[in-house]
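One structure is given here, and the rest of the page talks about it.
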Amino acid sequence: MDRFFDIVFSALALLAFSPLLLLIIVILKSTGEGEVFFLQERIGKTGKVFRLFKFATMYKDSPNIGTGTVTMKDDPRVLPVGKFLRKTKVNELPQLLNIFLGEMSVIGPRPLTFQTFSSYSRNTKDVIKQVRPGLSGLGSIIFRGEEEIMHGRTASIDFYGNVIAPYKGSLEEWYVTNRSLYMYFMLIFVTVWVVILPKSRIHWIVFKGLPEPPIELRKILKFSCE
């Protein structure tokens, strides 16, 4: 049933956003390095590798520079127009094509690069591979400001691997265990809500029984056990 709604929603969204997509294509073609799309291999359902579509927001060789596929706050590899696209999440819109083609879903775990996938435990990897990765999802909502988190004392690959990745993994496992059509639509609603009200903590209220974040992340993620 999810697949039916994925096809309908992605097709309608591609039509609705087509003027914006065309405008961005023109802007990207005439600025930066002239690249429009960034295609990157990601891990999909059953571990199948697919090429994820994004608007180009960084220099072409950025995956081979600095922190690789982990992006930090004020990352110097991000192009000027790319900062706006990343902040508004507009750079993610081309993934509607991945959804329409059946490589992704509207809702699911974030599609991972080989670098970030390797940071997860074996059990988390096995669980994540049971479903299609999503344009949005529980992990994407809670970590929507991940670039802000990866800043200052937390700006390291070790912090990502030892603190962020294990918790993100537990969130994705929780989602796969509890997924349903209700969860699908509720996550779409919460995604829209936090885009409009980015400081909202609605996810902690709506989704009961979520894994609690480690102490190092509680303040950053605005978590309260009260």
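The values are calculated or read from the model by the stated rules, or taken from the named source; none is laboratory data. Treat the numbers as computed from the prediction; the structure is a model and nothing was measured. All Cβ positions, even for glycine, are placed from backbone atoms using ideal geometry, and neighbour counts span all protein chains on display.
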Can you name the condition, by its number, that PHE207 falls short on among (1) surrounded by 15 or more Cβ atoms within 10 Å (Cβ to Cβ); (2) more than 29 Å from ARG3 (Cβ to Cβ)?
-> (2)
Residues in region 176-226 that are touching a Leu at 6+ places or on another chain (Cβ under 8 Å) and part of a helix (DSSP H, G or I): how many?
-> 3
For region 41-58, pairs from a residue that is free of Cβ contacts under 8 Å to residues at least 40 places away in the same chain to a residue that is in a strand (DSSP E or B) and of a type in the set (Phe, Trp, Tyr), with Cβ under 6 Å and 6 or more apart or across chains, are ALA56/PHE38
Can you find even one residue in region 188-203 that is of a type outside the set (Val, Ile, Thr) and in contact with a strand residue (DSSP E or B) (Cβ under 9 Å, 6 or more places away or on another chain)?
-> no
Residues satisfying the stated conditions in region 80-111, i.e. under 20 Å from VAL195 (Cα atoms) and without any contact (Cβ under 8 Å) to a residue 24 or more places away in the chain = PHE84, LYS87, THR88
Being surrounded by fewer than 13 Cβ atoms within 10 Å (Cβ to Cβ) and out of contact with any Lys or Arg (no Cβ under 9 Å at 6 or more places or on another chain) is the filter here, so list the residues in region 164-203 that pass it.
-> THR177, SER180, LEU181, TYR182, PHE189, VAL192, ILE196, LEU197
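Residues are listed down the side, and each one gets a yes or a no for (1) within 21 Å of LEU28 (Cβ to Cβ); (2) touching a strand residue (DSSP E or B) at 6+ places or on another chain (Cβ under 7 Å):
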{"residue": "VAL81", "(1), (2)": "yes, no"}
{"residue": "ASN91", "(1), (2)": "yes, yes"}
{"residue": "GLN95", "(1), (2)": "yes, yes"}
{"residue": "VAL106", "(1), (2)": "no, yes"}
{"residue": "GLN115", "(1), (2)": "no, no"}
{"residue": "SER121", "(1), (2)": "no, no"}
Across region 100-132, what is the number of residues that are part of a loop (DSSP other than H, G, I, E, B) and over 9 Å from the mean Cα position of the chain (by Cα)?
-> 14
Out of the residues in region 67-99 that are part of a loop (DSSP other than H, G, I, E, B) and of a type in the set (Asp, Glu), state the one that is modelled with the lowest pLDDT.
-> ASP74
Within region 100-159, of all residues that are hydrophobic (A, V, I, L, M, F, W, C) and more than 18 Å from LYS45 (Cα to Cα), the one modelled with the lowest pLDDT is ALA155
Within region 4-59, track down each residue that is within 18 Å of ILE128 (Cβ to Cβ), out of contact with any helix residue (DSSP H, G or I) (no Cβ under 7 Å at 6 or more places or on another chain) and assigned to a helix (DSSP H, G or I).
-> LYS45, THR46, GLY47
